[in-house]
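Values in this text are rule-based calculations from the coordinates and carry no lab data. Just so you know, these numbers come straight off a predicted model, no measurement behind them. Cβ: placed from backbone, ideal geometry, glycine included. Neighbour counts: every protein chain shown.
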Amino acid sequence: MTTNPSTTGAASPLAPEWLQVPADLNALHEGLWAGGVARNKAGELAIDGITVSELQRQFGTPLFVMSENDFRARARAFSDAFNDAFADICGGVDVYYAGKSFLCTAVVRWVEEEGLRLDTASGGELAVAARAGIPGPDVALHGNNKSDGEIHRALDLKLGRIVVDSLAELERVAKIADARGETAKVMLRLTPGVHAHTHEFIATAHEDQKFGLSMAGDSTDQAGLSAAEEAVAAASGYPGIELLGLHCHIGSQIFEPDGFALAAEKLLDFLAAMQTKYSIVLPELDLGGGYGIAYTPVDTPRPAAEIAQAMAAVVRTKCAELGISSPRISIEPGRAIVGSTTFTLYEVGTLKTVRVDAPAPGDAGAPGESVTYPRRYVSVDGGMSDNPRPVLYDADYSAILASRTSEAAPQLSRVVGKHCESGDIVVRDVYLPEDVAAGDLLAVPGTGAYCWALSSNYNYLARPGVVAVRDGSARLIVRGETEEDLLNRDMGV
Ligand code: LLP
């Protein structure tokens, strides 16, 4: 076995194929960062002119740093792109921001002020919506296992739509609404059997999973009717239900428009068939969320306008073919609005370099001989408790040295957290300058969606705060937890 000590500066055989050695380690890769994030003259990362060291001084690390202007701009861009594309088809699109990706009262207010609506998935998310004061008719409630309490709350708040996930739930919503002498506005969530190209745990419209009413013909015991059709038929018979239309969501972090288009076609076929068969009108069709973002330089999501145009073309053609007027279309983007608005700021602590065997590339050793290469472990002061996505979905991220620039050579690094698990990885593979040292600050972009939202208190780490930066000033929109917060829930008995 040969030891090859001089691999810094060149691509490491330990790196995945997609990872290139950056030409400039200090450069920010466009597409990963929120608008307003740049290095200042001294080389330090800043957002709207506020440096990361200043943010650390004021708020500590780890810290989620979100650009409010960028959030608002992305919300508007998404809404404009879809409204333009669908204007002549159904007068525009209702955009429901998927609150599960990141939710707090400030964000609900931004969503409302930018003319979007809100998609919630639990009583807790409804509580945030209610506290923020968004009107109930602009809110939707999802969930495959809603409690009676959540259904009552939806009716209390006069929600614009409850997205019903099963026949049993349809019956429960009908009973509860009826008992209250009210009518629930309902969408039916269907599974069109479209397989989205994404991680298995975030693909949601194929048959073999927990969500939605199956459109496959023999999925219930009622004379060959699909669960979806059975629900349409039953809904018309319940006085407590106003059936608005159909819904589907095919998965998350999807780059290509084909899956959305295919799902739209299937749903429109079904909608037209139901309208004819049951002499009803289903005025709404929700095509869900799932639009992907870039986490690393090799991710190339389509711009919102391109996806919107592709989906609009399909809806236009399909409705013409079926001879129906298009239902009002709605969508539910979460990640595509909030994901890239935010970076997580960490402080570097312990560093360690290991040497790992890899087959010798080219002439670096005798044929068949393996060579060892260095991999540097860079520990930060957070980890899987503030971003479990690498552990849950093998998600890739990138990172840069934020507190300063460096002219040192690139070194293949793995950014890891401080939890008691070897799988506690924040960024699996990234080139960082070899002089990264304890006390440096690292920034990981693209952490706006499903990071804070999925955060935990593993190892009794306090969840980080979220800072919103707008026009040169930074304010906490969610305070970080303290040890006292954690201990307060321990009853001590
Ligand atoms: N609508 C429904 C019904 C959903 O279930 C979801 C996400 C969305 C909209 C928003 O999807 P988005 O546009 O954000 O992709 N934790 C996973 C993602 C789970 C998505 C859950 N549902 C992750 O971190 O990748």
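Positive end of the dipole of the chain, charges at C-beta (+1 Lys, Arg; -1 Asp, Glu), about the Cα centre: which of Q309, L103, A85 has its Cα farthest in that direction? Most positive-ward Cα: L103. In this structure the amide hydrogen of K185, modeled in the peptide plane, comes within under 5 Å of the amide hydrogens of I162, E242, none closer than 5 places in sequence on its chain. In the chain, a dipole from Cβ-located charges (positive for Lys and Arg, negative for Asp and Glu) runs towards its positive end, and of L126, V427, S379 it is L126 whose Cα lies farthest in that direction. Among beta bridges from DSSP that stay inside the chain, the antiparallel ones total about 50%.
Taking a straight line from the alpha carbon of K418, these lysines sit under 16 Å away, with near neighbours fewer than eight places off in the same chain left out: K352. Each residue of the chain gets 182 Å³ once the volume of the Cα convex hull is shared out per residue. In summary, the lysines within cross-link reach of K266, defined as a Cα separation below 17 angstrom excluding same-chain residues under 8 places away, comprise K277, K318. In summary, the convex hull built on the alpha carbon positions of region 102-333 has an orientation-averaged projected area of 13.0 nm². The helix-based estimate of mean residue ellipticity at 222 nm for the chain, built from -39,500 (n - 2.57) per DSSP H run of four or more residues and divided by its residue count, is -8500 deg cm²/dmol to the nearest 500. For Q20 and E182, the difference between the fully extended length at 0.36 nm per residue and the C-alpha to C-alpha distance is 52.4 nm. Taking amide H atoms as placed 1.01 Å from N in the peptide plane, the amide H of S214 lies under 5 Å from those of T191, A227, A228, each 5 or more residues away in sequence or on another chain. Annotation for region 71-132 versus region 133-149: alpha-carbon center distance of 14 Å. Taking amide H as placed 1.01 Å from N in the peptide plane, R39 has its amide H under 5 Å from the amide H of A46, each at least 5 places away in sequence or on another chain. Of all lysines in the structure, the ones whose alpha carbon falls short of 21 Å from that of K185, not counting any fewer than 8 places away in one chain, are K146, K158, K175. The angle between the Cα long axis of helix 227-237 and the longest principal axis of the Cα atoms of the chain comes to about 50 degrees, rounded to the nearest 10. What is the distance in Å between the Cα centres of region 420-493 and region 338-361? What the calculation gives is 15 Å, centre to centre. Between K352 and R316, the modelled label-to-label distance comes to 5.9 nm, taking each label 7 Å out from Cα in the direction of the beta carbon.
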